[in-house]
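Q: Below is the structure I would like to discuss, written out as structure tokens.
The values are calculated or read from the model by the stated rules, or taken from the named source; none is laboratory data. What you see is a predicted model; the values in this text were computed from it and never measured. Cβ placement follows ideal geometry from the backbone for every residue including glycine, while neighbour counts extend to all protein chains displayed.
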Amino acid sequence: MRALAVAVGLIGFAGLSARAETMVIRNATILTVTKGTIQKGSILIRDGKIAEVGETVDTPAGATAMDAAGLYVMPGIIDCHSHIATEAVNEGSVSVSSMVGIPDTLNPEDIHIYDALAGGVTTANILHGSANAIGGKTVVIKMRWGKTAPELPFAGAPPGIKFALGENPKRQGNPSVFRSTNLRYPATRMGVADTIREAFNEAKIYQAKWNDYRAAVARGEKAIPPRQDLKLDPLVEVLEGKRLVHAHCYRADEILMLLKIADDYGFKIRTLQHVLEGYKVAGEIAAHGTGASTFSDWYGYKEEANDAIPYNAAIMARKGVLVSLNSDSEQLMRHLNDEAAKVMKYGGMSETEALSMITINPAKQLEIDSRVGSIEVGKDADLAIFDGHPLSNYSKVVKTIIDGQVYFDRANDLAQRPAREKEKERLFELDKQRMKAAQSGPRRTGPEVRE
């Protein structure tokens with residue numbers, strides 16, 4: 001099935017722009033997010049960047065022109081919590097798995113990258129799972145469908161790491177959930193807190209050893225470097241502000257617990273993920289300088305999500321918290337514009353505030369807002385073009401552009417669907433023939449069939 005998805009996806013990519021080109025989008029309603037709305041405006045894209053924005057722009061010779069009359073152009077949507085493009089998300093065998101990383105297992109052939117493009121998503125924060133108190137390293141990617149794994153990461157985006165509180169990490173050590181003798185610590189919420197503290201105790205000792213070694217070298221002494229520890233290296237980066245912490249959480253008491261740990265050890269939590277009880281402690285979250293990446297109205301699906309309310313995002317925002325809306329789902333990811341619209345109903349947010357929660361706010365949380373998140377001169381030409389206002393659930397994405405290159409074109413996609421269906425039929429028939437041949441042939445034994 002994976003081979004089928006890849007073949008079908010590549011057919012969808014065929015015929016799109018192979019490289020960034022000079023392009024002018026004219027007569028569009030431009031939702032800049034940070035600089036207001038421009039009616040019948042134009043955007044000049046050159047070398048993958050936004051070169052000009054306004055009611056009129058100069059059209060260079062040879063530029064491709066797109067008449068976008070009746071269409072809406074907004075910044076590419078940014079999802080601050082996703083697990084697409086990965087082979088596996090949880091290294092759940094240990095409580096601290098900071099030595100592993102999502103960048104090592106990116107899968108550029110995941111068809112959900114193309115699905116995300118169809119929803120106007122251009123950037124996503126790809127996270128390790130939530131089985132560990134301290135999980136693996138994260139990576140921000142652009143939805144460059146058809147590119148290789150090394151071409152997916154967002155160049156210059158700060159690296160991150162996943163933390164997790166509550167049910168998910170503690171149940172790995174709970175015999176009432178897993179009837180196994182191979183259980184690990186912790187099995188309680190207080191154990192999760194202790195696990196995080198002990199990890200940073202180790203990291204501080206490790207950091208001190210390296211600082212002593214570097215100081216000795218600077219004095220001209222012949223010193224032996226400490227043994228490198230791949231588990232502690234990322235935690236030292238957290239202590240030094242070089243790696244962002246994205247923490248899965250739900251309950252207010254645990255949110256306060258984690259903020260206190262961060263204060264005790266001198267680092268910041270960059271985003272609280274899910275944070276469904278954030279409205280209860282919004283003031284404390286704002287005082288810590290922590291962002292919140294939450295669901296619009298997805299709640300009640302497990303015990304620790306029972307106190308969630310759809311006004312959560314608006315309440316936190318009004319209390320001064322930088323709030324974004326995320327998907328945590330390859331399906332919901334295609335409809336983040338609809339999720340943003342809900343904060344207007346639940347909390348009375350404005351159109352701009354709603355759009356900010358899926359554009360400039362997550363860009364700020366990921367510290368990539370100098371490059372993406374709004375339509376401004378000098379930023380990456382990452383755009384989503386809709387056939388109606390993006391906050392209407394009747395609107396559809398017409399084109400998605402990344403770095404000035406068209407990666408999704410709805411008209412092209414529709415035109416190629418018959419060819420995709422034919423290719424699917426051919427591949428299914430080929431699989432049937434192979435299975436039939438394997439069943440009728442001699443049975444093989446030995447190492448080659450156990451591979």
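Q: Please state which one of E254, E277 is without any contact (Cβ under 8 Å) to a residue 60 or more places away in the chain, touching a helix residue (DSSP H, G or I) at 6+ places or on another chain (Cβ under 8 Å) and within 19 Å of A164 (Cβ to Cβ).
A: On the way: E254 fails: without any contact (Cβ under 8 Å) to a residue 60 or more places away in the chain.
Matching residue, one of E254, E277: E277.
Q: Follow-up. Return only the number of the condition from (1) surrounded by fewer than 19 Cβ atoms within 10 Å (Cβ to Cβ); (2) in the same structural domain as T352 (by TED's automatic domain parsing); (3) touching a residue at least 60 places away in the same chain (Cβ under 8 Å) that D104 does not satisfy.
A: Of (1) surrounded by fewer than 19 Cβ atoms within 10 Å (Cβ to Cβ); (2) in the same structural domain as T352 (by TED's automatic domain parsing); (3) touching a residue at least 60 places away in the same chain (Cβ under 8 Å), only one is false for D104: (3).
Q: Can G347 be described as surrounded by fewer than 24 Cβ atoms within 10 Å (Cβ to Cβ), at pLDDT below 95 and under 28 Å from I84 (Cα atoms)? Steps first, answer last, please.
A: On the way: surrounded by fewer than 24 Cβ atoms within 10 Å (Cβ to Cβ): yes; at pLDDT below 95: yes; under 28 Å from I84 (Cα atoms): no.
So G347 fails the test.
Q: Any idea which of (1) among the charged types (D, E, K, R); (2) farther than 30 Å from G378 by Cα; (3) without any contact (Cβ under 8 Å) to a residue 40 or more places away in the chain is the one K147 doesn't satisfy?
A: Only one criterion is unmet by K147, namely (2).
Q: Only one of these is modelled with pLDDT under 95 and over 17 Å from E330 (Cβ atoms): S93, S97. Name it. Even if it seems obvious, please write down each step before you answer.
A: Working: S97 fails: modelled with pLDDT under 95.
The match here is S93.
Q: Of the conditions (1) in contact with a Phe, Trp or Tyr (Cβ under 8 Å, 6 or more places away or on another chain); (2) in a helix (DSSP H, G or I), I141 fails just one. Which one is it?
A: Just one mismatch for I141, condition (2).
Q: List the pairs whose first member sits in the stretch 217-228 and is surrounded by 10 or more Cβ atoms within 10 Å (Cβ to Cβ), whose second member is assigned to a loop (DSSP other than H, G, I, E, B) and at pLDDT 95 or above, and whose Cβ atoms are under 9 Å apart, counting only residues at least 6 apart or on separate chains?
A: Between residues of the stretch 217-228 that are surrounded by 10 or more Cβ atoms within 10 Å (Cβ to Cβ) and residues that are assigned to a loop (DSSP other than H, G, I, E, B) and at pLDDT 95 or above, the close pairs are V217/A223; V217/P225.
Q: Which residue is surrounded by the fewest Cβ atoms within 10 Å (Cβ to Cβ), if the candidates are limited to the stretch 258-280 and must be touching an Asp or Glu at 6+ places or on another chain (Cβ under 9 Å) and closer than 27 Å to K204 by Cβ?
A: The selected residue is F267.
Q: Name every residue in the stretch 257-274 that is within 17 Å of G166 (Cα to Cα) and not aliphatic (A, V, I, L, M), in order of residue number.
A: Passing the criteria: K260, T271, Q273, H274.
Q: For L230, state whether it is at pLDDT 95 or above and either outside any loop (DSSP other than H, G, I, E, B) or among the aromatic types (F, W, Y) (or both). Full working, then the answer.
A: Numbers: at pLDDT 95 or above: yes; either outside any loop (DSSP other than H, G, I, E, B) or among the aromatic types (F, W, Y) (or both): no.
Answer is no for this residue.
Q: Collect the residues in the stretch 234-246 that are in a helix (DSSP H, G or I), out of contact with any Gly (no Cβ under 9 Å at 6 or more places or on another chain) and in contact (Cβ under 8 Å) with a residue 40 or more places away in the chain, keeping them in residue-number order.
A: Looking only at the stretch 234-246, we keep the residues that are in a helix (DSSP H, G or I), and these are 234-239.
Cutting the leftovers down to out of contact with any Gly (no Cβ under 9 Å at 6 or more places or on another chain) gives us 235-238.
Hits for the stretch 234-246 are L235, E237, V238.
Q: While we're on this one: Taking interchain pairs and intrachain pairs at least six residues apart, which have beta carbon atoms under 7 angstrom, with the first residue in the stretch 383-394 and surrounded by fewer than 22 Cβ atoms within 10 Å (Cβ to Cβ) and the second part of a strand (DSSP E or B)?
A: Hits for this filter: D387/V398; G388/Y72; H389/Y72.
Q: Return yes or no: is D409 under 22 Å from I50 (Cβ atoms) and buried (at least 24 other Cβ atoms within 10 Å of the Cβ)? Let's see the steps before the verdict.
A: On the way: under 22 Å from I50 (Cβ atoms): yes; buried (at least 24 other Cβ atoms within 10 Å of the Cβ): no.
Against the criterion (under 22 Å from I50 (Cβ atoms) and buried (at least 24 other Cβ atoms within 10 Å of the Cβ)), D409 does not qualify.
Q: With the structure loaded, tell me whether G404 is more than 20 Å from the chain's Cα centre (by Cα), assigned by TED's automatic domain parsing to the domain that holds E52, at positive phi and buried (at least 22 other Cβ atoms within 10 Å of the Cβ) or whether it fails that test.
A: Numbers: more than 20 Å from the chain's Cα centre (by Cα): yes; assigned by TED's automatic domain parsing to the domain that holds E52: yes; at positive phi: yes; buried (at least 22 other Cβ atoms within 10 Å of the Cβ): yes.
So G404 fits the description; yes.
Q: Mind listing whichever residues of the stretch 295-306 are touching a residue at least 40 places away in the same chain (Cβ under 8 Å) and either touching a helix residue (DSSP H, G or I) at 6+ places or on another chain (Cβ under 8 Å) or crowded, with 22+ Cβ neighbours inside 10 Å (or both)? Outline the logic, then answer.
A: If we filter the stretch 295-306 for residues that are touching a residue at least 40 places away in the same chain (Cβ under 8 Å), which is where we start, we get 295-297, 302-305.
Result: F295, S296, D297, K302, E303, E304.
Q: Within the stretch 377-399, identify whether any single residue is assigned to a helix (DSSP H, G or I), touching a Gly at 6+ places or on another chain (Cβ under 6 Å) and either among the small types (G, A, S) or over 18 Å from N337 (Cα atoms) (or both), and answer yes or no. Full working, then the answer.
A: Filtering the stretch 377-399 for residues assigned to a helix (DSSP H, G or I) gives none.
Checking the stretch 377-399: not a single residue is assigned to a helix (DSSP H, G or I), touching a Gly at 6+ places or on another chain (Cβ under 6 Å) and either among the small types (G, A, S) or over 18 Å from N337 (Cα atoms) (or both).
Q: Right, next: When L366 is evaluated against the numbered criteria (1) crowded, with 17+ Cβ neighbours inside 10 Å; (2) hydrophobic (A, V, I, L, M, F, W, C); (3) out of contact with any Lys or Arg (no Cβ under 9 Å at 6 or more places or on another chain), which criterion, by number, is the only one it fails?
A: Result: L366 passes all but (3).
Q: A further question follows. Select from the stretch 247-299 the residues that are over 23 Å from the mean Cα position of the chain (by Cα) and part of a loop (DSSP other than H, G, I, E, B) and list them in ascending order.
A: If the condition is that a residue be over 23 Å from the mean Cα position of the chain (by Cα) and part of a loop (DSSP other than H, G, I, E, B), then G266 is the only one that fits.
Q: Right, here's the next one. Working carefully through the options V140, V192, find the one that is of a type in the set (A, V, I, L, M, F, W, C), closer than 22 Å to I78 by Cα, surrounded by 16 or more Cβ atoms within 10 Å (Cβ to Cβ) and in contact (Cβ under 8 Å) with a residue 12 or more places away in the chain.
A: Numbers: V192 fails: closer than 22 Å to I78 by Cα.
Selected residue: V140, the only one of V140, V192 that is of a type in the set (A, V, I, L, M, F, W, C), closer than 22 Å to I78 by Cα, surrounded by 16 or more Cβ atoms within 10 Å (Cβ to Cβ) and in contact (Cβ under 8 Å) with a residue 12 or more places away in the chain.
Q: Right, here's the next one. Given the criterion crowded, with 22+ Cβ neighbours inside 10 Å and more than 15 Å from the chain's Cα centre (by Cα), identify the matching residue among A164, A124, A116, A149.
A: On the way: A124 fails: more than 15 Å from the chain's Cα centre (by Cα); A116 fails: more than 15 Å from the chain's Cα centre (by Cα); A149 fails: crowded, with 22+ Cβ neighbours inside 10 Å.
Among A164, A124, A116, A149, only A164 is crowded, with 22+ Cβ neighbours inside 10 Å and more than 15 Å from the chain's Cα centre (by Cα).
Q: Just the residues that are of a type outside the set (S, T, N, Q) and closer than 22 Å to I134 by Cβ, please, taken from the stretch 44-84.
A: Taking the stretch 44-84 first, the residues of a type outside the set (S, T, N, Q) are 44-55, 57-58, 60-63, 65-81, 83-84.
Those that are of a type outside the set (S, T, N, Q) and closer than 22 Å to I134 by Cβ: C80, H81, H83.
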